[in-house]
Amino acid sequence: MSFGYLCPFKSLEDSMLEVLTTKVHDEARQGEAYAPLTGEPLQYSKKFYIESYGCQMNFSDSEIVASILNDSGFGATRDFTEADVVFLNTCSIREKAEQTVRKRLTEFRKIKQTKPGLLVGVLGCMAERLKSKLLEEEHLVDIVVGPDAYRSLPGLIEEAEGGQKAVNVLLSREETYADISPVRLNSNGVSGFVSIMRGCNNMCTFCVVPFTRGRERSRDVSSIVRECCDLFEQGYKEVTLLGQNVDSYYFTQDEGQLSGQHPSAVTFAMLLEMVANISPLLRVRFSTSHPKDITDDVLHVMAKYNNICKYIHLPVQSGSTRILQLMNRTYTREWYMAKVKRIREIIPECGISSDIIAGFCTETEDDHRDTLSLMEYSAYDLSYMFFYSERPGTLAQRRYTDDVPEDVKKRRLQEIVDLQNKLSRESNERDLGKEFEVLIEGNSKKSDADWMGRTSHNKVIVFAKSNREINKGDYVNVRVTDCTKATLLGEII
Ligand code: 5AD
Ligand code: SF4
């Protein structure tokens, strides 16, 4: 669908870049099947089926994989029984995530017995972590491909069709898939995800990501802006800029990424502003921020643009300075609290959410209480909460003992969950009677008579459809009339 709108960056892209580049110097989702049907079925001689696990980045990568496969003659199918090749895009962040994938592989083993030609491929973090060991452990797997090697998929499929096992787990310092137009899978047509960087240099001691996704690299700024423009032209109303650590986005036109400051560098604050300028009707979100890296510049840009959503996912991991140090988070409890205060000063209405780990190595009851009190201080609207799961090869696994008993981890996690439920309910109750601009994402899950949308501060709100001509993807003003701990309920004004 076209809006007769000309993306300012298509014509002005180069000059804008010049202006901006001379200025500066700064259990996640599991097992959701991507069930896409892209292109005309007849256009493709073969079919692939892909299922994605883990973080949003993985879901976004599956869209890149779909594009690469489309280009080599594979069309997507929602029905794995009609697929020639099945891919699982996997997550290694916690042991449970890997177990889920292993179970799913067992199911595919049965299907393969009735369909001998079927190829099974493992993509993503588990492929990278286990490499060819995966072929020994899971006999039905034919193809193993790490996150930086998706361009080699067509060749690897050919090899596997010839009866060989095919593996490519090379990590890259440059690959950003900048030139690939993702095929939007299972999209609601309203919100799209745009990857702005890959990898992570942070080395949090509990985390396997630096090992499975490699060194951090930032994607070419013009390709990001172009992709956002394209989404807007296709009718999308919201883009989420994705990276493991978006605040360290740093792109230089000529020499790629540099570690020091560079006169023509584009920082995250600048990128955010460029995307916000595409259109006031295009909402901009981003995830994930690291407390040590989010700058006042970013907060000021957020405050300046109405279409940049007032919501920051700012994982704390622990409220104890001692544990934060063991985690190599490089900030203290006090630093984190000062950051929350700063966010509230510059963007008073900002929603803040967090990731929290219970029972990291050596955690005492005092450390745990520090986490609870920091949650109260931050008044999180939402948290993703986990108990510590030791991952092979991480710094924590090599340096520390996983010494908090499982029952203690689980009890502490439950206390964290209970507190978050209370904080979420209180946060929602503070919104009662207020009016919000809401972007409609589609029908509510429970009833086609209701719309579901999101406020700028990322709260889900459900409200009755009115008789007025209102559609998915429209902005409407809604007054909050009631709430649960997870959802606001409202009425169109
Ligand atoms: N155990 C438990 N949770 C973890 N996370 C990352 N690694 C682990 C682990 N080994 C959590 C962190 C991170 C989120 C994506 O997953 O909270 O922010
Ligand atoms: Fe893992 Fe830390 Fe990087 Fe996040 S910032 S991906 S938790 S190492």
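Listed here are the residues, each with its yes/no results for (1) within 14 Å of ligand 1 (Cβ to nearest atom); (2) more than 25 Å from the chain's Cα centre (by Cα); (3) over 30 Å from Asp297 (Cα atoms).
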{"residue": "Glu349", "(1), (2), (3)": "no, no, no"}
{"residue": "Ile357", "(1), (2), (3)": "yes, no, no"}
{"residue": "Thr371", "(1), (2), (3)": "yes, no, no"}
{"residue": "Ser378", "(1), (2), (3)": "no, no, no"}
{"residue": "Tyr388", "(1), (2), (3)": "yes, no, yes"}
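Given the conditions (1) within 17 Å of the chain's Cα centre (by Cα); (2) within 15 Å of ligand 1 (Cβ to nearest atom); (3) open to solvent by 10 Å² or more (accessible area, probe 1.4 Å), which single one is not true for Tyr311?
(2)
Quick check on region 342-353: of everything there that is in a helix (DSSP H, G or I) and more than 27 Å from Cys207 (Cα to Cα), which residue is most open to solvent (accessible area, probe 1.4 Å)?
Glu345
Please verify whether region 169-190 includes one or more residues that are modelled with pLDDT of 95 or more and within 16 Å of ligand 1 (Cβ to nearest atom).
no
Condition check: assigned by TED's automatic domain parsing to the domain that holds Ala149, closer than 22 Å to Ser389 by Cα, surrounded by 18 or more Cβ atoms within 10 Å (Cβ to Cβ) and polar (S, T, N, Q). Does Asn70 satisfy that?
No, not satisfied.
For Val225, are the conditions met, namely being more than 16 Å from ligand 1 (Cβ to nearest atom), part of a strand (DSSP E or B), open to solvent by less than 10 Å² (accessible area, probe 1.4 Å) and closer than 22 Å to Asn58 by Cα?
Spelling it out, it is not the case that Val225 is more than 16 Å from ligand 1 (Cβ to nearest atom), part of a strand (DSSP E or B), open to solvent by less than 10 Å² (accessible area, probe 1.4 Å) and closer than 22 Å to Asn58 by Cα.
I'd like to know if region 89-96 contains one or more residues that are crowded, with 21+ Cβ neighbours inside 10 Å, under 30 Å from Ile357 (Cα atoms), of a type in the set (S, T, N, Q) and touching a strand residue (DSSP E or B) at 6+ places or on another chain (Cβ under 7 Å).
Within region 89-96, one or more residues are crowded, with 21+ Cβ neighbours inside 10 Å, under 30 Å from Ile357 (Cα atoms), of a type in the set (S, T, N, Q) and touching a strand residue (DSSP E or B) at 6+ places or on another chain (Cβ under 7 Å).
Under 8 Å by Cβ, and 6 or more places apart or on different chains, what pairs join a residue from region 231-249 that is modelled with pLDDT of 95 or more with one that is assigned to a helix (DSSP H, G or I) and open to solvent by 20 Å² or more (accessible area, probe 1.4 Å)?
From region 231-249, the pairs are Thr240/Gln56; Leu242/Gln56.
Based on what the data block shows, is Ile323 open to solvent by less than 20 Å² (accessible area, probe 1.4 Å) and over 19 Å from the mean Cα position of the chain (by Cα)?
Yes.
The values are calculated or read from the model by the stated rules, or taken from the named source; none is laboratory data. What you see is a predicted model; the values in this text were computed from it and never measured. Note that each Cβ is placed from the backbone with ideal geometry, even for glycine, and that neighbours are counted across all protein chains shown. In case anyone asks, the SASA skips ligands and DNA or RNA and just uses the protein heavy atoms, side chains included. Shrake-Rupley method; radii C 1.70, N 1.55, O 1.52, S 1.80 Å.
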